[in-house]
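Inspection log for the structure reproduced underneath, given as structure tokens.
The values are calculated or read from the model by the stated rules, or taken from the named source; none is laboratory data. Quick caveat, the model's predicted, so the values are computed rather than measured. Here the Cβ is made from the backbone with ideal geometry for all residues, glycine too, and neighbour counts use every protein chain on show. These accessible areas exclude ligands, DNA and RNA; they are computed on the full protein's heavy atoms, side chains included. Shrake-Rupley method; radii C 1.70, N 1.55, O 1.52, S 1.80 Å.
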Amino acid sequence: MSPDGKLYTFKLRDDVTFCSGKKLTAEDVIFTFKRLKSPEIKGPFAWRSGNIKELRAPDPYTVEYELNEPFSELLLQLTMFTNVILNKDNVETLGKDYGVKGADGTGPWCLDSWQPRTHITLKRHDAYRWGPSMYKNKGPVKFEKLVIKIVPEDSSRVAAMMAGQFDTTHQFPSQFIAQAKVAPMLTVTQANPNFQLLYFGFKTTRPMVADKRVREAMSIAIDRAAIAKAILLGNADPAYSIVDPAALDHDPKTAGIVKEDVERARKLLDEAGWKPGVDGIREKDGVKLAPRVYYTANANSARVAEAIQGYLRKIGVHWQLQPWDSTIAPVKMAEQDYEIWSVTVPYLSAGDLMNLYFDSANIPTPNRMNWKDPETDAWLKAGRAALAAEDRTRNYALVQQKVMREHLWIPVLNINMHEVTNKKLKGMRPHMIYQNTFYKGLDASF
Amino acid sequence: MIKALLSAALALGIAFPAGAQVLNMMKGIDAPHYDAQRTTWGPTSDIVNMIQDTLVALDWAARRRSPISPSRGP
């Protein structure tokens, strides 16, 4: 990296090939990021590759990656799947069918066939020798094929693993993890660290939740530890901060901002002018304190939302729960006809989470709070542009303190990520990145 | 209940030649496509991480590692 933080020089290995046999060169890297930034693609995660000014290839195995402004998390963000390197020729040949009829890559597995909603078959990339250094096996993988079957029903995946029909899954329902742990044929491993937050966010432009006292009351009237134990059966940790304490740039000063206290919650609502009605639900100016809550109807969110609804009843708040099937949830979320919504978000660092959700440039999505605050924006900008780690940390700490003191989110649980495998399968260690616990699978073997 | 679940599981079996080194995995939901640049969708990301590489990789402790750009290795 250059002293001004704008120029990164990547020296590429000269022995990397795509599954097709073509050598990876700087031309592919440059093509990849130009495509990502192109208006035709409209890459929703294109920001993760920074504000690129120019990409140059002084030779076939060197890429000069020049930014318009420094981006302190560039190298971290380049680990995300949206920044995988594409085969220029393959993308140009397939055109609009790229990613549907084929996708050539330099990964340890090659796309062999795909039957949508049924199964995907990958085959070994025999030439692969460039596995990340944390794997003992740098490649190739120890299997000829990897068959990934789509099994939508939670109970069917549980039964299939119990019956030894499959070797592994990274999508084993949390409520059955305890059974899997004692099943003689199964091994359960957990990603550590594990940055995956289940939260409820407030749309601050809606009058009902515009007052931060109301938001704080809802946040402190619940019992996170009890929810983690009773609903996730211990497969989650209570979250009292937005950013996990183990994550890069977590601010320890955010500890204590969320302090569960039901009596204080009632007092805050009284102060905010919401008085109990005849049915116990608080009212103000003839309006019931009954926010509409949107979430995807998966097992965790639904059950956690129902539990919170129960807690909030005790302080005179009625959550109107509106679960949506995963097929239409994105559309309904986009309509934003709610006071509160919930998602579970995996993330890499404090900067990752703060920039994504709290920058006013990201209104209305993913900044569904519609949080527009010049101070927040300025600290985020300073954090992104920081050339020294301590400057980045300090600015992201200020953002964390502000958004937590404003109680823009109710952080509820850090959901554990598991890999459940048949005992005959060895060498599996779950990764935490974006819920992709299998990641490359290089050390897996029977 | 358990019997019914096990019967359902048996119906999910995939036939491959005995002895073939095949790893059988399950996931809950498929993706509409496997073009990583056009989505934020998790069910795309896991497959993409298997078939393609990034310039910089992340290890289990969320530290950066290097698959195809050795200049960025630890």
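What the table shows:
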{"item": "Heavy-atom accessible surface of region A:226-348: percent carbon and sulfur, 1.4 Å", "result": "53 percent"}
{"item": "FRET efficiency for A:Ser155 and A:Asn192, using Cβ-Cβ distance with R0 set to 41 Å, rounded to 0.05", "result": "0.90"}
{"item": "Relative contact order [Cα under 8 Å, 6+ residues apart], chain A, whole percent", "result": "19 percent"}
{"item": "Taking region A:329-435 and dividing mean pair separation by its residue count, relative contact order in percent (alpha carbons under 8 Å, at least six apart)", "result": "21 percent"}
{"item": "For A:431-444, mean number of other protein chain Cβ atoms within 10 Å", "result": "5"}
{"item": "Virtual spin-label span in nm between A:Lys181 and A:Ala210, 7 Å along Cα→Cβ", "result": "4.7 nm"}
{"item": "Selection of trypsin sites (Lys or Arg not before Pro), region A:123-165, meeting DSSP coil and at most 10 other Cβ within 10 Å", "result": "A:Lys136"}
{"item": "Fraction of beta bridges assigned by DSSP in the protein assembly as shown that are antiparallel (%, nearest 5)", "result": "75 percent"}
{"item": "Between region A:263-300 and region A:375-446, the alpha-carbon center distance in angstrom", "result": "32 Å"}
{"item": "Other-chain or far-sequence residues with amide H under 5 Å of A:Asp112's (modelled H)", "result": "A:Thr121, A:Leu122, A:Lys123"}
{"item": "Region A:160-233-region A:26-44 distance, computed between alpha-carbon centres (Å)", "result": "35 Å"}
{"item": "³J(HN,Hα) computed for each position of region B:23-32 - Karplus, 6.51 cos²θ - 1.76 cosθ + 1.60, integer Hz, glycine/proline x", "result": "9, 9, 10, 10, 9, x, 8, 8, 10, x"}
{"item": "Sparsely packed trypsin sites (Lys or Arg not before Pro) within region A:383-446, loop by DSSP, other Cβ within 10 Å at most 14", "result": "A:Lys423, A:Lys424"}
{"item": "Within 10 Å of each Cβ in A:150-160, the average number of Cβ atoms from other chains", "result": "6"}
{"item": "Crossing angle, helix A:389-405 versus chain A [Cα axis fit, 0-90 degrees, rounded to tens]", "result": "30 degrees"}
{"item": "Karplus 3J(HN,Hα) series, Hz, for region A:18-27 with 6.51 cos²θ - 1.76 cosθ + 1.60 (x for Gly, Pro)", "result": "7, 4, 5, x, 5, 6, 6, 10, 4, 4"}
{"item": "Average accessible surface area per residue within region A:89-194, 1.4 Å rolling probe, Å²", "result": "42 Å²"}
{"item": "Fraction of accessible area attributable to carbon and sulfur, region A:7-88 (%, probe 1.4 Å)", "result": "52 percent"}
{"item": "Dipole magnitude (debye, nearest 20) for chain A, charges at Cβ of Lys, Arg, Asp, Glu", "result": "800 debye"}
{"item": "Shielding by partners - mean other protein chain Cβ count within 10 Å, residues of A:166-175", "result": "4"}
{"item": "Backbone HN-Hα couplings from phi across region A:190-207 [Karplus 6.51/-1.76/1.60, Hz, Gly and Pro as x]", "result": "10, 5, 8, x, 7, 9, 8, 9, 9, 9, 10, x, 9, 7, 5, 7, 8, x"}
